[in-house]
There are 2 protein chains.
Amino acid sequence: MTAEKIRKFALIHFTQNGYEGASLADISSEVGIKKQSIYNYFKGKDELFLAVFQDVAVREMLFVEDYLKCSSLLTLENMLYGFLNEYRKRYEREDDTKFFLRMAFFPPGHLRREIVDYCNRHLDRTVLLLESFFESAASKGEMHSDVSVERASAAFTALLDGVFVEMLYGDMERSLKRLDASWYVYWRGVKNS
Amino acid sequence: MTAEKIRKFALIHFTQNGYEGASLADISSEVGIKKQSIYNYFKGKDELFLAVFQDVAVREMLFVEDYLKCSSLLTLENMLYGFLNEYRKRYEREDDTKFFLRMAFFPPGHLRREIVDYCNRHLDRTVLLLESFFESAASKGEMHSDVSVERASAAFTALLDGVFVEMLYGDMERSLKRLDASWYVYWRGVKNS
DNA sequence: CCACTCCTTACGAACGTTCGTCAGTTTATT
DNA sequence: AATAAACTGACGAACGTTCGTAAGGAGTGG
């Protein structure tokens, strides 16, 4: 119970202030305990951080897998556009994605390799899942034959990252506008006819 | 001279470790002085940071303005693609863009408002400059009439951010692949005929 | 029902280290 | 001699971490 609360507030503080900027004192005071008590549940700051990171990474992957599972019957157009919007909603609802992006882009120096490796595997798996959808959509003639599967999926993940980035700024109006524009142009470039 | 060296190494450390993660001791030791000597040139860490931020922001805007000035005669296609590639090269060459992105996305808490305001003005100005190019390109029939100027420029800036993000990961091979794919799909969606 | 032990969980106090910062002094340059 | 720039030394504050201990609950034996 307490361990869960620690994880929860640690996520918030790591997301907001980064690894170095988040202090165990701040985290524990939100939980309602002293910083020393954290050591009853975690060996130190690093272990707490990595536990939070692990949690987030698992949930992040689960979200992708669940969405793709539920949307396997949709057309490519509806599936991709839905994916963008579901991810956007999730981004607004949870700190997970923001945390994950922050640590993927700017990991704490002494945990860099560990985190980068994990993120690369995460990214590879996501691309793999997506590409199989593009593959089957291409065979159904939903994509223009001038656009290869690799290009379409690579451009889509880049689009997704671009949307994330815009949301990091926090300006919701602008990010919605960009999502709309990006998707409009993207689909014009990919669709058949 | 010394002040310039301090700025230079401060930029490197702030870029690599963030505001909280970069210590005056580390910065000064690279310069070859003690950390207290920094106070001969800057009132404190905040002033040093803001000076570096200011430098970077100015250079960043200058780069955009210069490129657009030199490329005003090109076709939209060549201008935009060149812009992507020049920015990518600059990103590899300098720490400026990486620093700017890091601080725009995750500013130190107590300087947040100042930085966010500055970045918003920066972004507004960039979009303004770009839109005038799209405007004139549209009137020359270089863009498809189904794609509005706002959409095309919003999608392009999102594309640019997506490329930046990919470069933050550091995997150059993957980011080149994504740049190619993003641009290919984007231009298919925007071009006339 | 009581007394005893065991285990968990929280805390106060303190650790050593690093942080940014200030004051005073020496060195070097003009 | 004067001025700027580097130094030494020290400061309080905050950091993550460790230690010993006290409070409370669970389970056991008398």
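The values are calculated or read from the model by the stated rules, or taken from the named source; none is laboratory data. What you are looking at is a predicted structure, and each value in this text was computed from that prediction instead of being measured. We place every Cβ from the backbone using ideal geometry, glycine too, and count neighbours over all the protein chains shown. Please note that ligands, DNA and RNA were not included when accessible areas were found on the heavy atoms of the full protein model with its side chains. Shrake-Rupley method; radii C 1.70, N 1.55, O 1.52, S 1.80 Å.
Counting only Cα atoms, I'd like the Rg/Rh figure for chain B, Kirkwood definition for Rh.
In chain B, Rg relative to Rh is 1.04.
To the nearest whole number, what is the average tally of beta carbon atoms from other chains within 10 Å of the beta carbons of peptide A:20-26?
2
With a ≥ b ≥ c the root eigenvalues of the C-alpha gyration tensor of the stretch B:150-193, is it rounded (a/c under 1.5), prolate (a/b larger than b/c) or oblate?
Note, shape of the stretch B:150-193 comes out oblate.
Take every Cα-Cα pair in the protein assembly as shown and report what % of them are more than 38 Å apart.
The proportion of pairs with Cα distances above 38 Å equals 23 percent.
For B:S132 and A:S23, what is the calculated FRET efficiency with R₀ set at 45 Å and r taken between the beta-carbons, to the nearest 0.05?
On the way: r = 47 Å, r/R0 = 1.04.
E(calc), rounded to 0.05, equals 0.45.
Please list, or write none, the lysines whose alpha carbon is within less than 30 Å of the alpha carbon of A:K5, excluding same-chain residues fewer than 8 places away.
Partners within reach: A:K34, A:K35, A:K43, A:K45, A:K89, A:K98.
Using a 7 Å offset from the Cα along the Cα-to-Cβ direction at both B:F63 and A:N192, what is the distance between the two label points in nm, to one decimal?
Result: 4.2 nm between the two label points.
Determine, from the Cβ-Cβ distance of B:E92 and B:K8 and an R0 of 22 Å, the FRET efficiency 1/(1 + (r/R0)^6), rounded to the nearest 0.05.
So the FRET efficiency works out to roughly 0.80.
Can you sort B:M172, A:M143, B:M1 by solvent-accessible area, 1.4 Å probe, largest first?
B:M1, B:M172, A:M143
Counting only protein chains, not ligands or nucleic acids, how are B:Y81, B:Y67 ordered by accessible area (probe 1.4 Å), most first?
Heavy-atom accessible area, descending, gives B:Y81, B:Y67.
To the nearest 500 deg cm²/dmol, what mean residue ellipticity at 222 nm is calculated for chain B from DSSP H runs of n ≥ 4 alone, each contributing -39,500 (n - 2.57), summed and divided by the residues?
Only helices count here, giving -26500 deg cm²/dmol.
Determine, at each q value in 0.14, 0.31 (inverse angstroms), the log₁₀ of I(q)/I(0) that the Debye formula gives when each Cα of the stretch B:1-42 is one equal point scatterer.
So the normalised log intensities work out to -0.24, -1.13.
Heavy-atom accessible area of A:S29 with all protein chains present, probe 1.4 Å, nearest 10 Å²?
Solvent-accessible area, nearest 10 Å²: 80 Å².
Which translational diffusion coefficient, to the nearest whole µm²/s, is obtained for the stretch B:14-103 from the Stokes-Einstein equation, given a Kirkwood hydrodynamic radius over C-alpha pairs, 10 °C and 1.306 mPa s?
Taking Rh from Cα pairs, D becomes 105 µm²/s.
Whenever you get a sec, line up B:D26, B:D171 from highest to lowest accessible area (probe 1.4 Å, protein heavy atoms).
B:D26, B:D171
Accessible surface of A:L176 in the full protein assembly, 1.4 angstrom probe, to the nearest 10 Å²?
80 Å²
Across peptide A:164-170, how many C-beta atoms of other chains are within 10 Å of each residue C-beta, on average?
5
Find, among the trypsin sites (Lys or Arg not before Pro) in the stretch A:12-57, those assigned to loop by DSSP (not H, G, I, E, B) with at most 13 other beta-carbon atoms within 10 angstrom.
A:K34, A:K43
Hey, got the average number of other protein chain Cβ atoms within 10 angstrom for residues in B:101-108?
4
Mind grabbing the accessible area of B:R59 for me, 1.4 Å probe, Å², rounded to tens?
B:R59 has an accessible surface of roughly 100 Å² with all protein chains in place.
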